[in-house]
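This report concerns only the one structure given below.
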Amino acid sequence: MEEQGSRILVVDDVVENVELLEAYLSSFGYRVEKAYDGEEALRKVQEDPPDLILLDIMMPKLDGYEVCRRLKASQQTLFIPIVMITALKEPEERIQGILIGADDFLTKPFNKLELMARVRSLLRVKKLHDQVEAQNRLLEQRVVERTAQLQEAIRELQELDRLKTEFLQNISHELRTPLTPIKGYLGAILQEALGPLSPGQRKGLLVVRESVERLQQLIDDLLAYVRIEAGRLKVEPKPVSLPELLRKTWERFLPLAQDKGQTFTFSIPSDLPPVLADPEELYRAVSHLLDNAIKFTPEGGRITVTARRVPSSQFPVPSSGPGTWNLEPGTMNFVEISVTDTGIGIPAEKLHRIFDRFYQVDGSITREHGGMGIGLAIVKQVLEAHGASIEVESEEGRGSTFRFRLPLTDR
Ligand code: ADP
């Protein structure tokens, strides 16, 4: 019998009853503990919880009901089965016992077989409960261990991420250093400060200069990205002439667009008041948008940059966050800048990911378009630092529009 060896606490103030029960139970191989009043019973349960309690109701000081009530009220002893010993023909005793949580009843005088049947079945239930408890403890232990492992893995990942950012920072600086003399000498040679150039040499050197500029751009992007990652992106908004800034980007990207036979149009009202922005960072953001527009638009396509005034009532103005606009009254006028292309577009299900760092719709090594996948992440961070957000609309095969708004000053 699997419950043999279980510990049973017999509680009764009548010594003969205790001895009789002890004799019965021992003959079936159970270990018997004895208590002769309620207080002693509670103490013994506290010291070493038994597997089952046979509890007499009528006892001096603390009666069986109170003992049962207290044991069932405590999380530690709630699951110890309690069999209450009642006198025959007293149903109200049973009802009260049920109300306070007794698991079963035995009537005096005891019937040995009935006693054994009840004890056995309750012990079985208790055993199952103990097994479930043990399983739960094991599971809890495992959860604790796994959580610790996960936390360790997260710590390692964070450390790796930090090392990666540091590495990018170092490598960008290292790459930038040799570029300085290359650019210096290239300029001097092109200005013929080191001797006259043949038309062929000049042509070749102009191609070299374009590549050097591209390299410089990549390195600057990496550095900007590292600054953002390290939380060191600081924008210093001041009044900036938007037509001037956009003209600068237009001059920079026009040759690229022309090379691809694209129509490159800017539409900016000439009477636009200055915008509040960090000129360098805004230039960087617009440049990325234009670079992408040209890159992801096939030959003969159209790129349009538009700036138009919009009242703040047409969109929700952010009211909190690191880049919150601290606007004086009367400055609630905004300019909306959009970059539209007739390019390859972005599949709807990928649209939400394009601002993630390193994400590229075509991430394959054989992809047609170059790039490091950090441009839009930089744009997003730069604009967020201005308290602005970037929106995108796109249709695969038809083109995309990227759009954001900045506050205008009154001047
Ligand atoms: P990348 O260096 O690859 O251009 P970005 O962060 O600038 O990285 O852009 C992420 C991805 O978003 C690009 O690889 C491309 O798949 C998609 N994307 C960005 N701009 C456009 C656009 N104008 N048209 C189509 N796809 C675009």
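Here are the numbers for the structure shown:
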| quantity | calculated |
| --- | --- |
| Estimated dipole of segment 126-219 in Debye, rounded to 20 [Cβ of Lys and Arg +1, of Asp and Glu -1, Cα centre] | 260 debye |
| Leading residue at positive end of dipole, segment 20-143 (Cβ point charges), from LEU106, MET84, SER27 | SER27 |
| For MET84, net neighbour charge (Lys/Arg +1, Asp/Glu -1) across residues whose Cβ lies under 13 Å away | -4 |
| Shape category assigned to segment 1-108 from the gyration tensor of Cα positions, a/c cut at 1.5 | rounded |
| Percent RCO, i.e. relative contact order, over segment 132-278, from Cα pairs under 8 Å lying at least 6 residues apart | 23 percent |
| The chain: angle of helix 375-385 to the longest principal axis, Cα-based, in degrees nearest 10 | 80 degrees |
| Relative contact order (%) - criterion: Cα under 8 Å, at least six apart; region: segment 354-411 | 24 percent |
| Partners for LYS108 among lysines (Cα-Cα distance below 22 Å; same-chain residues under 8 apart left out) | LYS34, LYS61, LYS89 |
| Whole-angstrom gap from segment 342-398 to segment 171-236, using each part's C-alpha centre | 25 Å |
| Whole-number percent relative contact order across the chain, with pairs defined as alpha carbons under 8 Å at least 6 apart | 11 percent |
| Neighbourhood net charge (11 Å Cβ-Cβ; Lys/Arg +1, Asp/Glu -1) for ASP356 | +4 |
| Cα-based helix-to-principal-axis angle, 242-259 vs the chain, degrees rounded to 10 | 80 degrees |
| Net charge, VAL382 excluded, C-beta distance under 10 Å - Lys, Arg +1, Asp, Glu -1 | -2 |
| 5 angstrom amide H check on ALA277, placed H, neighbours 5+ away | LYS238, VAL240 |
| Cβ-placed point charges (K, R +1; D, E -1), dipole of the chain about Cα centre in debye, nearest 20 | 1800 debye |
| Exceeding the 18 Å Cα-Cα cut-off - candidates LYS183/LYS203; LYS44/LYS72; LYS260/LYS380; LYS183/LYS248; LYS350/LYS380 | LYS260/LYS380; LYS183/LYS248 |
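Since every read-out is calculated from the coordinates, none of them should be taken as a lab result. No experiment lies behind these values; they were computed from the predicted model shown. Glycine also receives a Cβ, built like all others from the backbone with ideal geometry; neighbour counts cover every protein chain displayed.
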